[in-house]
1. Could we say that Gly259 is under 29 Å from Gly57 (Cα atoms), more than 20 Å from the chain's Cα centre (by Cα) and not assigned by TED's automatic domain parsing to the domain that holds Pro155 here?
2. If Val306 satisfies all but one of (1) assigned to a helix (DSSP H, G or I); (2) in contact with a helix residue (DSSP H, G or I) (Cβ under 7 Å, 6 or more places away or on another chain); (3) of a type in the set (A, V, I, L, M), what's the number of the condition it fails?
3. Answer yes if at least one residue in segment 290-297 is assigned to a loop (DSSP other than H, G, I, E, B), over 27 Å from Leu29 (Cβ atoms) and not β-branched (Val, Ile, Thr), and no otherwise.
4. Got a sec? Which of Glu86, Glu103, Glu38 is of a type in the set (Asp, Glu) and at positive phi?
5. Being farther than 13 Å from Leu166 by Cβ and without any contact (Cβ under 8 Å) to a residue 60 or more places away in the chain is the filter; apply it to segment 20-54 and report the residue that is surrounded by the fewest Cβ atoms within 10 Å (Cβ to Cβ).
6. Quick check on segment 71-84. Is at least one of its residues closer than 27 Å to Tyr170 by Cβ and charged (D, E, K, R)?
7. Starting from segment 175-194, take each residue that is assigned by TED's automatic domain parsing to the domain that holds Leu15 and list its partners that are assigned to a loop (DSSP other than H, G, I, E, B), counting only C-beta distances under 6 angstrom and pairs at least six apart or across chains.
Amino acid sequence: MQKIQGLLDNLNKVLIGKESVVGMVAVALICQGHVLVEDVPGLGKTMLVKGLARSLGCKFSRIQFTPDLLPSDVVGVQVYNQKTMEFQYRPGPVMANIVLADEINRTSPKTQSSLLEAMEEHQLTVDGETRPLPEPFMVLATQNPIEYEGTFPLPEAQLDRFLLRLQIGYPSPQHEVEIIRTQEHGKHPLDNLQQVLSIDELQSIQKEAANVTLSDSLAAYIVELCNRTRSNSSLYLGASPRGALGLARTAKALAWLRGRDYVLPDDIKTMAVPVLAHRVILNPEEKLQGQTAQDVIGKIIKSVAVPTH
């Protein structure tokens with residue numbers, strides 16, 4: 001716990017006043033999952049990802065998604081070497097530990113889909129040759145929910161690859177003053193961050209969290225929550241079995257972060273919205289009435305009885 005606390009402390013220095021968001025990123029890291037951060041520019045999304053990579057002392061890369069970006073710009077390309085008279089693989093930016101996919105909805109569906117194999121199978125296939133990605137491997141993608149001109153919404157298949165979808169939100173006035181103070185001399189908290197967790201230590205934490213106990217009744221509770229999304233009249237599409245698996249994994253990781261070796265219903269409730277809301281599709285009439293997927297998931301949580309044993 002001491003090592004992971006050092007990571008949380010580092011990230012809280014970079015993203016001031018957003019402890020819950022930092023905790024969710026730590027949950028995704030422990031679960032070896034990917035995160036979609038959906039929020040307006042200037043809230044510290046990039047700094048958060050850089051802080052994560054620096055805290056782990058691992059390779060970080062940033063991909064700025066634009067309409068003219070090609071799949072080969074993401075995964076790499078085979079280049080002919082005239083000296084050796086052979087084709088050599090030139091790695092793309094996705095060949096890293098922590099990958100920031102910035103404004104992922106600004107590129108074409110073909111380029112977006114180039115990340116699918118990497119996110120799901122932790123490998124790349126270029127010109128018929130498969131290459132494993134380094135461990136750990138984590139994609140943190142951002143998209144601006146306000147600007148729709150020139151964007152390509154992520155299809156459901158790709159949204160389902162993200163373990164969590166998060167919103168950072170504006171800081172409180174007090175925290176915004178603190179942000180100004182920490183950067184008023186031209187320095188950024190990121191400049192002083194040190195590595196606090198090795199790859200081996202992270203992998204050990206991931207194994208510990210995976211061994212947290214999830215009772216049969218709580219597993220059934222997770223399944224019931226997901227089943228309710230599939231039969232809810234407000235939803236056109238419910239959560240997939242991958243959503244149920246993600247909810248179980250993240251509940252275990254959150255329980256571990258909270259110092260327990262067993263899951264409680266509160267762990268599942270806390271993770272339900274960030275895990276499930278982006279995996280469901282609202283009916284058009286619900287959207288017109290101002291309903292959100294988060295609202296529907298919240299109502300489902302309240303409607304399902306919590307196991308008492």
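1. Working: under 29 Å from Gly57 (Cα atoms): yes; more than 20 Å from the chain's Cα centre (by Cα): yes; not assigned by TED's automatic domain parsing to the domain that holds Pro155: yes.
Against the criterion (under 29 Å from Gly57 (Cα atoms), more than 20 Å from the chain's Cα centre (by Cα) and not assigned by TED's automatic domain parsing to the domain that holds Pro155), Gly259 qualifies.
2. Exception for Val306: condition (1).
3. Keep residues of segment 290-297 that are assigned to a loop (DSSP other than H, G, I, E, B), which gives 290-292.
If we keep only those that are over 27 Å from Leu29 (Cβ atoms) too, we end up with 290-291.
With not β-branched (Val, Ile, Thr) added as a condition, the list becomes 290-291.
Yes, that holds for at least one residue.
4. On the way: Glu86 fails: at positive phi; Glu38 fails: at positive phi.
Within the list Glu86, Glu103, Glu38, the selection yields Glu103.
5. Filtering segment 20-54 for residues that are farther than 13 Å from Leu166 by Cβ and without any contact (Cβ under 8 Å) to a residue 60 or more places away in the chain, the one surrounded by the fewest Cβ atoms within 10 Å (Cβ to Cβ) comes out as Gly42.
6. No.
7. Cβ pairs passing all conditions: His175/Ile16; His175/Gly17; Glu178/Ile16; Ile179/Ile16.
Okay, residues lined up against (1) surrounded by 13 or more Cβ atoms within 10 Å (Cβ to Cβ); (2) more than 25 Å from Pro274 (Cβ to Cβ); (3) touching a Ser or Thr at 6+ places or on another chain (Cβ under 6 Å):
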residue	(1), (2), (3)
Glu178	yes, yes, no
Asn211	no, no, no
Leu214	yes, no, no
Glu224	yes, no, no
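The values are calculated or read from the model by the stated rules, or taken from the named source; none is laboratory data. Predicted, not measured: the structure shown is a model, and the values here were computed from it. Don't worry about glycine lacking a Cβ; one is built from the backbone with ideal geometry, like all the others, and counts go over all protein chains shown.
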